[in-house]
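Chemist: There's a structure below that I have some questions on.
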Ligand SMILES: Nc1ncnc2c1ncn2[C@@H]1O[C@H](COP(=O)(O)OP(=O)(O)OP(=O)(O)O)[C@@H](O)[C@H]1O
Ligand SMILES: [Mg+2]
C-alpha cells in the first residue's frame, strides 16, 4: 500500500514538475531557516555536565542593598541574587564541611614569560582556584594532576596548564616538573590538561558562557601572594569601591565563583540551612538587608538563571519556525489547487472502490514525500547557511589566535550533529503532514459523483 | 437485483432546487439488460449515480441484492462499489498517466487482491476486450473505441454483479459503438446485469427493456425481450 501510494505520489509530482518544484523549494527554505536557528540554539542549550546534574551546585547569596535596582541595570530577573560572592562570604561557604567538594575561584589574566627566545611574552587567562576544581568538574588530565588542598593556604608555586599552553611552550611533550614564569613568578608544572571544552563554560559565565577554559590554574592563596587581580568585579553597595588591592577583601564587592559538590538532597538541605544561618548571622551584624534569598542551584537552573541560551537565540528559533509555518500555509493553497485540479481522478478512484481513507492517504503521502524532498534540499541549504554563518560571525577573530580549540569552539555553534539530522527528518514529515492534511481531507470528503460529471 | 421504491433526489444550490428524481421506482432482475433513455437533464445520470452508490438519495428505499443501502457507511458503500458494481462512462475516464494494465488494476488494487490473482484477472479481461497487445500503452495512445474497451475491461475484471454504463457509446462513431454494444451484450449474456444510459434508440431496442425517464420520473417502459431466468417486472409509474 505504501509502495503503491509512493508510486502514485511520484507520478503526480512529475505531472506538474514546475509547481512541485516551487512547493518543494518553499518547504526547503522554511526548513533550512528552522534548522539553522535550531542548530545554533541547540549549541547554546546543551548541558555541559549532565552526569553531575544532582551533585553540582552553584552558591549565591543576596548581598545587595535594599531598594529598587540602580538605574541602568537590566531589570531581567532582578529577583535573582548576584552570581558571584565577596571574599568574606565565599570563605564562609568554603569553611563548611557539608559539601564533599568545594571550590572558590576567580579568573585573572597574567603575563607568561617563555624561556624560548623566539616566543614573545603573552597574556594568558588564569584561574585562581581551590584544589577541588579538577575533581569536581571532571577535568581531564594528559599528564600529572592537581594540587592537594593544603597547597591552597600556603600559596605553593605549582601550576596546571592547558593542552594549548603545553603545546605552545613545550611542543606538547610531557612538561611535568618544568617551570614557567607567570606574573613574574616561577611556577612548577604539576599537571597538563587534555583537550577540555565545557560548553557552555558553566563554572564561570561572566564572559557570556561561550569561551575556552583558562590556560593556567594556580592555588587559591595566590590571590594575595601574587596580587592577582580578578578580571571582573562588581560592587553591590553604592558606597563600595575598589581603590587598591586590599579593597577586594574589605569592600562589599563580588568577584568569586563558589561551587559545591553535595552527596545527596539531604546534604543539599543541610547546606542550604548552613548558608541561610550564615546570612541570618550577617544580618544581625547589619549586612545583607534584603530578605533571605540564597540560591544553591544545579547546573541546569544555573544556566537558566544566567540566560545562557539568550533571548536572541530563542527569538531566532521562534521567528524561523513562524517562517516555516508561513511557508507551509503558502503551500497549502498550492497543494489544494493541485489536488482539486486532479479531483476527477480522485472521484474516479472513489467510484472504483477507493475509500475516503485510501484517497486521503494517497494524497497525504504525496505531500509527505514532497516534505521529505524539501527537507533534504533544506538540509543542503542549511549546511550552506551554517557555513556562511560561521564565516560571517563565529569565525571572527580566529585569525589572531594560534589556539586550535578556538576554531573547534567557533565551529560548535554551526555544527549539525546526528540528532539535528533526525530533527530535520521529523520536521520534514511534520511539515508534509501539516501542509497536506487539509487538502487531502478536502479531496477525501468531496462526494465522488461531483467530479465524475466534470470529466 | 436492484429495487428502488419512491426514490427522490433533490439538488439544492443557493438559487434553485432541482428535483432530479421524483417518486422513482424501478425493479431490475438479475441478468437483465436495461436501457435508460430520456432528454438531457431528465435525471438519467442521477439515477445511475444513485444506483451505483456514488450519490445519496433524499427519500424512498433502495435495496441492492436485497441489502438496504441507505444505512451503509461510506466505507461499506466503497466496498460494494468495488466488489459488485462496474462503471463505464461516456468520457472513458481512464487515468491518463497510468498504462492500460495499471488502469484495469485500479479496482482490484482497492480490493487488496494478491498480485498473482490480479494479474490473471487483468490479462483475462484485456483478452476479452481484445487489448492484450496494448497493455503497456497509455490511454492517450489509444483510439476512443480502444479506450472504451479498456474501460470495459476495468469494469468487468472484478466480476461485478451489475455494470452501470452512462452513454458508453456517446463519444464514438457507429462502427465503434457497434463493437462496444456487442461486447456489452456478450458480457450480459454471461449473467452480468447491465444498466445503460443511451440516446441511441436502436441500441436501446437491443436491451431487454427500455426505461424512458422524463423529468426525474419513469415515463414509459418498453419490453423487447426477457432474461432466460427471470421476467422483467414493471416499474411503478408506467
Ligand atoms: N450536482 C448537481 N447540482 C445541482 N444540480 C444537478 C447536479 N447534478 C445534476 N443536477 C441537475 O439534475 C438534473 C438531472 O441531471 P442529470 O445529470 O441526471 O441529467 P441527464 O439525464 O444525465 O442529462 P444528460 O443526458 O445531459 O447527461 C438536471 O437538471 C441537472 O441540472
Ligand atoms: Mg447524463
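A short reminder: the numbers here are calculations on the coordinates, not readings from a lab. On a predicted model such as this, the values are computed, not experimentally measured, just so you know. Reconstructed Cβ throughout: ideal geometry from the backbone, glycine too, with neighbour counts over all protein chains shown.
Chemist: Please give the peptides A:209-218, B:104-113 ranked by average Cβ packing (other Cβ atoms within 10 Å per residue), highest first, as a rough proxy for protection. Walk me through the intermediate numbers first.
Modeler: On the way: A:209-218: 22.7, B:104-113: 20.3.
Ranked by mean Cβ neighbours within 10 Å, highest first: A:209-218, B:104-113.
Chemist: Once label points are set 7 Å from the Cα along Cα→Cβ at both residue A:433 and residue A:247, what is their separation, rounded to one decimal in nm?
Modeler: For the pair residue A:433/residue A:247, the computed spacing is 6.1 nm.
Chemist: Compute the distance in nm between two label points, each set 7 Å from the Cα along the Cα-to-Cβ direction, one at residue A:277 and one at residue B:111.
Modeler: 8.7
Chemist: I've got another one for you. At residue A:315 and residue A:290, where each label point lies 7 Å from the Cα along Cα→Cβ, what is the point-to-point distance in nanometres?
Modeler: About 2.6 nm separates the two model spin labels.
Chemist: Rounded, prolate or oblate: which fits segment A:118-211 when a ≥ b ≥ c are the square roots of the eigenvalues of the alpha-carbon gyration tensor, with rounded for a/c under 1.5 and prolate only if a/b beats b/c? Kindly include the intermediate steps, with their values, before the conclusion.
Modeler: Working: a/c = 1.42, a/b = 1.15, b/c = 1.23.
It is rounded, given that a/c, with a ≥ b ≥ c, falls under 1.5.
Chemist: Is the C-alpha gyration tensor of segment A:54-297 telling us rounded, prolate or oblate? Criteria: a/c under 1.5 is rounded; beyond that, a/b larger than b/c is prolate, otherwise oblate.
Modeler: Values: a/c = 2.05, a/b = 1.63, b/c = 1.25.
Taking the square roots of the gyration eigenvalues as a ≥ b ≥ c, segment A:54-297 is prolate.
Chemist: Moving to a separate point now. Using helices alone, what [θ] at 222 nm do you get for chain A, with -39,500 (n - 2.57) per DSSP H run of 4 or more residues, divided over all residues and rounded to the nearest 500? If you can, show how the numbers build up before the last one.
Modeler: Numbers: 16 runs with 222 residues, N = 455.
Helix-only estimate at 222 nm: -15500 deg cm²/dmol.
Chemist: Here is a follow-up. Within 10 Å of each Cβ in peptide B:105-112, how many partner chain Cβ atoms are there on average? Round it to a whole number, please.
Modeler: Rounded to a whole number, the mean comes out at 4.
Chemist: For residue A:330 and residue A:14, what is the calculated FRET efficiency with R₀ set at 25 Å and r taken between the beta-carbons, to the nearest 0.05?
Modeler: Calculated transfer efficiency: 0.70.
Chemist: Using only Cα atoms, tell me the angle between helix A:265-284 and the longest principal axis of chain A; keep it within 0 to 90° and round to the nearest 10.
Modeler: The helix A:265-284 is inclined about 50 degrees to chain A.
Chemist: Can I ask one more? Efficiency by 1/(1 + (r/R0)^6): what FRET value for residue B:5 and residue A:447, r their Cβ-Cβ distance, R0 = 25 Å, to the nearest 0.05? Write out the running numbers ahead of the final one.
Modeler: Numbers: r = 23 Å, r/R0 = 0.92.
Computed FRET efficiency for residue B:5 and residue A:447 comes out at 0.65.
Chemist: Using DSSP, restrict attention to beta bridges with both residues in chain B and report what percent are antiparallel, rounded to the nearest 5. Working shown, then result.
Modeler: Details: 21 of 39 bridges.
DSSP beta bridges in chain B are roughly 55 percent antiparallel.
Chemist: Could I ask something else about it? Let a ≥ b ≥ c be the square roots of the eigenvalues of the Cα gyration tensor of the protein assembly as shown; is it rounded (a/c under 1.5), or, if not, prolate (a/b larger than b/c) or oblate?
Modeler: In terms of gyration-tensor shape, prolate.
Chemist: Rounded to the nearest 5, what is the percent of antiparallel bridges among the DSSP beta bridges in the protein assembly as shown? Please report the intermediate quantities before stating the final value.
Modeler: On the way: 54 of 80 bridges.
Just about 70 percent of them are antiparallel.
Chemist: Using mean Cβ contacts within 10 Å as the protection proxy, how do A:265-271, B:58-64 order, highest first?
Modeler: Working: A:265-271: 14.7, B:58-64: 16.9.
In decreasing order of mean packing, A:265-271, B:58-64 become B:58-64, A:265-271.
Chemist: Here is a further query. For chain A, take the longest principal axis of its alpha carbons; what is the angle in degrees between that and the long axis of helix A:17-45, to the nearest 10 within 0 to 90?
Modeler: Helix A:17-45 sits at roughly 20 degrees to that axis.
Chemist: Turning to a different aspect of this structure: Using only atoms on other chains, find how many Cβ atoms lie within 10 Å of each Cβ of peptide B:73-82 and report the average.
Modeler: On the way: counts 1, 8, 4, 1, 4, 12, 2, 1, 7, 6.
Mean partner shielding for this stretch: 5.
Chemist: A further question on this structure: Starting from the Cα-Cα distance between residue B:73 and residue B:56, subtract it from 0.36 nm times their residue separation and give me the gain in nm to one decimal.
Modeler: Values: separation 17, 0.36 × 17 = 6.12 nm, distance 1.12 nm.
Between residue B:73 and residue B:56, full extension yields 5.0 nm more.
Chemist: With each run of n ≥ 4 DSSP H residues scored as -39500 (n - 2.57), what mean residue ellipticity at 222 nm is computed for chain B after dividing by its residue count and rounding to the nearest 500 deg cm²/dmol? Kindly include the intermediate steps, with their values, before the conclusion.
Modeler: Details: 7 runs with 78 residues, N = 238.
Computed mean residue ellipticity for chain B: -10000 deg cm²/dmol.
Chemist: Something else: Test of understanding: extend the Cα→C-beta vector of residue A:150 to 7 Å, then name every residue of segment A:164-192 with backbone N under 15 Å from that spot.
Modeler: none
Chemist: Sticking with this structure for a sec: Helix A:418-445: angle to the longest alpha-carbon principal axis of chain A, degrees 0 to 90, nearest 10?
Modeler: 30
Chemist: Give the peptides B:130-140, A:340-350 in descending order of average Cβ contacts within 10 Å, highest first.
Modeler: A:340-350, B:130-140
Chemist: Quote to one decimal, in nm, the extra length available between residue A:221 and residue A:22 on full extension: 0.36 nm per residue of separation minus the C-alpha distance between them. Write out the running numbers ahead of the final one.
Modeler: Numbers: separation 199, 0.36 × 199 = 71.64 nm, distance 6.68 nm.
Contour length minus Cα-Cα distance gives 65.0 nm.
Chemist: Right, something else. Evaluate E = 1/(1 + (r/R0)^6) for residue B:189 and residue B:138, where r is the Cβ-Cβ distance and R0 equals 41 Å; express this FRET efficiency to the nearest 0.05. Kindly include the intermediate steps, with their values, before the conclusion.
Modeler: Values: r = 31 Å, r/R0 = 0.77.
Step by step, r from the Cβ atoms, then E = 0.85.
Chemist: Within 10 Å of each Cβ of A:334-347, how many other protein chain Cβ atoms are there on average? Mind dumping the intermediate values first?
Modeler: Values: counts 0, 0, 0, 0, 0, 0, 0, 0, 3, 0, 3, 6, 0, 2.
Per residue, the average neighbour count from other chains is 1.
Chemist: Mark the label point 7 Å from the Cα of residue A:52 along Cα→Cβ and return the residues of segment A:76-100 whose backbone N is within less than 16 Å of it.
Modeler: A:99-100
Chemist: What percent antiparallel are the DSSP beta bridges of segment A:54-297, to the nearest 5? Could the numbers behind the result be given before it?
Modeler: Working: 33 of 41 bridges.
Approximately 80 percent, going by the DSSP bridge assignments.
Chemist: Got the relative contact order for chain A handy, in percent, Cα pairs under 8 Å and 6 or more residues apart? All intermediate terms of the calculation are to be shown ahead of the outcome.
Modeler: On the way: 744 pairs, mean separation 126.0, N = 455.
That works out to 28 percent.
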